[in-house]
Amino acid sequence: MTIKIKFFGVLAGIASTNETSFEIPTETNSDAIKEHFESIFTGFKNQQYQLALNQQLLNANSKVGDGDEIAFLPPFAGG
Amino acid sequence: MKKNKAPKNVFIEGAISPEKIATSIAHHQVKTNIGAHDIFLGQVRADVLDGKKVAAIDYSAYTEMANKTIDDIRESAFDKFDLTCAHIYHSMGKVKAGEICLFVFTSSAHRQMAFDSCQYMVEEIKYKAPIFGKEIFEDGEYVWKSNK
């Protein structure tokens, strides 16, 4: 099962990449993905950010499955 | 009602030129049911942070989501207000201090709908669109901007 991961803004800088993939044997959830990447990129813990699942902002832990896209979004600064 | 088509790309590389804004106004002269336009222009401010002046903002975005979000905002403005036209453009990449980075243009039969819808869309874009800005100082260092 492959999940597409995207990083933006300050988080892309910390991760040194804009995009990666996450391979897991079974369905997972957004909290587990967050925890996984916070353990790899420890600087994430000091940042404010929210997650989007398939381009929808998440406000609660959600199931994530094969082919889904999770984006790590720091504070918005448009305009 | 939601249209069944791909969202329009709102992003323009670099600053939004005053000529583009003038041309956009001119294009509406054939729409004689319009009685009022309102325009919001976001301009890059040369803020001073810790004694260092901002020279430019380098914008990036989660483009697909930002286009979809802004399309939804525009559609919701048509649902809420009696609008004839609504156009939104945002810069991508580097925009120098003093240049325009956001252009929101609303048109209606009467002024109140043009004012209210323009303000509504600007606030929604700032709050909901996944657009990121790196404030670059004159010495080349930078900080990530966050909307208040």
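Which pairs break 25 Å Cα to Cα here: A:Lys34/B:Lys80; B:Lys80/B:Lys126; A:Lys63/B:Lys128; B:Lys52/B:Lys96; B:Lys31/B:Lys96? As for pairs spanning more than 25 Å Cα to Cα, those are A:Lys34/B:Lys80; B:Lys31/B:Lys96.
Taking other residues whose beta carbon is less than 11 angstrom from the beta carbon of B:Asn147, and scoring Lys, Arg as +1 and Asp, Glu as -1, yields +3.
Each part gets one Cα centre, and for the stretch A:24-49 versus the stretch B:1-48 those centres are 38 Å apart.
Each of A:Thr42, A:Gly13, A:Gly78 was scored by the projection of its Cα onto the charge dipole of chain A, and the greatest displacement toward the positive side belongs to A:Gly78; charges sit on the C-beta of Lys, Arg, Asp and Glu.
Using alpha carbon coordinates only, what is the Rg to Rh ratio of the protein assembly as shown, with Rh defined as the Kirkwood radius? Rg divided by Rh gives 1.02. To the nearest 10 degrees, how steeply does helix A:30-40 sit against the main Cα axis of chain A, on a 0 to 90 scale? So the inclination is approximately 60 degrees. Summing Cβ point charges (Lys, Arg +1; Asp, Glu -1) relative to the Cα centre of chain A gives a dipole of roughly 260 debye. Classified by the C-alpha gyration tensor, the stretch B:1-44 has an oblate form. Its axis ratio a/c, with a ≥ b ≥ c, is 1.5 or above, and a/b does not exceed b/c.
Diffusion coefficient of the stretch A:2-73 by Stokes-Einstein, Kirkwood radius over Cα pairs, 25 °C, 0.890 mPa s: 203 µm²/s.
Values quoted throughout were computed directly from the atomic coordinates according to the rules given, and no laboratory measurement underlies them. Treat the numbers as computed from the prediction; the structure is a model and nothing was measured. Every residue, glycine as well, gets a Cβ built from its backbone with ideal geometry; the counts of neighbours run over all protein chains shown.
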